[in-house]
Amino acid sequence: MDWCFGWICEYAKGKSIECGKEELLGLLPTVPEDDQIVLEIINWVNFVPNYLQNGSLSSWSLQRLQDALAHATYLVGSAVTIADLAVWSSLASDSGYHKLLSDGPANPSAFQSDLCHVRRYYTHLNSMESLSKWKEALQLWRVNQPVHITDAASATQPSGMSGKTTAAEMRFEMDGKFGELPGAKIGEAVVSVPPEASGYLHIGHAKAALLNQHYRNIFEGRLILRFDDTDPSKEKEIYEESILSDLPRLGVCWDVRSHTSDHFELLLKLCEQMIRDGKA
């Protein structure tokens, strides 16, 4: 965490804002000690100089923030952290970002959305009384500085996020809400959602579906929707049709649809082989 505080202080100094760790601590309600939360905060602070402040990656960076804030008020946890201070300060000190988030994007398709969650987040932090003096200092800096944000239509994802990028290198993309997939690579990840057609879509199904949809999108992989039809006495076609209808309403899209029964013959052969090999 010391690195995070140090980075913010250096960033503020470059904006003619004098501050130290004690001043920053006064802006935050608490300092997390949980290792996982600290790691998420470090990843978000690292996200700022490497991506958010890179003009050619502005569109991509805002899309990542939009995803991260879709169901959250802050980037990490339920209160403002040094991660929020880093991201918000970068947005508030840049005329291009400030105008975009204040007025909304003229071409939402360039960002794949209207950035409603990022705009809500930006407005919320701007309104926080504890950050009012910091906000005023950033405004003074912003008015006479060049715009760094580029035309969103020309911005692409960073080269490091293509090809063989691994999960460990993409922690900041996980919005601080999802665990890692060790060894997962862009374009190679395959996830599955295995609902049982013995009832309507319930919270467990929805949670599993949304989680796997997230990983499918992040790693540009495939999602397999496999109905676990191993108990015909409880399964009904109406339940399967209902689940197929409800999943798209949640934003879940599958690439392959199958049934466990499609593989019964193969499963039988593999089970017999395990018995012969003494592994069962």
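Tell me which residues, restricted to the range 23-62, are among the acidic types (Asp, Glu) and closer than 10 Å to THR81 by Cβ. Walk me through it before giving the result.
Applying the first criterion (among the acidic types (Asp, Glu)) to the range 23-62 yields 23, 33-35, 40.
Answer for the range 23-62, where residues must be among the acidic types (Asp, Glu) and closer than 10 Å to THR81 by Cβ: just GLU40.
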Counting only residues that are touching a helix residue (DSSP H, G or I) at 6+ places or on another chain (Cβ under 6 Å) and closer than 30 Å to ILE238 by Cα, which one in the range 169-198 is modelled with the lowest pLDDT?
-> ALA197
Check on PRO232, part of a loop (DSSP other than H, G, I, E, B) and surrounded by fewer than 11 Cβ atoms within 10 Å (Cβ to Cβ) | yes
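The rows are residues; the columns are (1) surrounded by fewer than 20 Cβ atoms within 10 Å (Cβ to Cβ); (2) more than 24 Å from GLU10 (Cβ to Cβ); (3) modelled with pLDDT under 85.
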site	(1), (2), (3)
SER56	yes, no, yes
SER59	no, yes, no
HIS71	yes, yes, no
SER78	yes, yes, no
TRP134	no, no, yes
GLN139	yes, no, yes
Can you find a residue in the range 87-105 that is touching a residue at least 60 places away in the same chain (Cβ under 8 Å), small (Gly, Ala, Ser) and over 24 Å from ILE42 (Cβ atoms)?
-> no
Answer yes if at least one residue in the range 20-39 is in a loop (DSSP other than H, G, I, E, B), free of Cβ contacts under 8 Å to residues at least 12 places away in the same chain and either within 20 Å of LEU131 (Cβ to Cβ) or in contact with an Asp or Glu (Cβ under 9 Å, 6 or more places away or on another chain) (or both), and no otherwise.
-> yes
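Okay, residues lined up against (1) under 28 Å from the mean Cα position of the chain (by Cα); (2) in a loop (DSSP other than H, G, I, E, B):
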site	(1), (2)
LYS207	yes, no
ASN212	yes, no
ASN217	yes, no
LEU223	yes, no
GLU240	no, no
PHE264	no, no
CYS271	no, no
ALA280	no, yes
Does PHE227 count as under 29 Å from the mean Cα position of the chain (by Cα), at pLDDT below 80, among the hydrophobic types (A, V, I, L, M, F, W, C) and not assigned by TED's automatic domain parsing to the domain that holds THR73?
-> no
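Within the range 235-245, can you find the residues that are surrounded by 15 or more Cβ atoms within 10 Å (Cβ to Cβ) and either among the polar types (S, T, N, Q) or at pLDDT below 85 (or both)?
GLU235, SER242
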Would you be able to say whether some residue in the range 12-23 is in the same structural domain as LEU62 (by TED's automatic domain parsing) and farther than 22 Å from GLN139 by Cα?
-> yes
Scanning the range 93-132 for residues that are in a helix (DSSP H, G or I) and among the polar types (S, T, N, Q), the one farthest from LEU28 (Cα to Cα) turns out to be SER109
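The values are calculated or read from the model by the stated rules, or taken from the named source; none is laboratory data. Keep in mind that what you see is a predicted model, and the values were worked out from it rather than measured. When we count neighbours, we look across all protein chains shown, and the Cβ atoms used for this are built from the backbone with ideal geometry, even at glycine.
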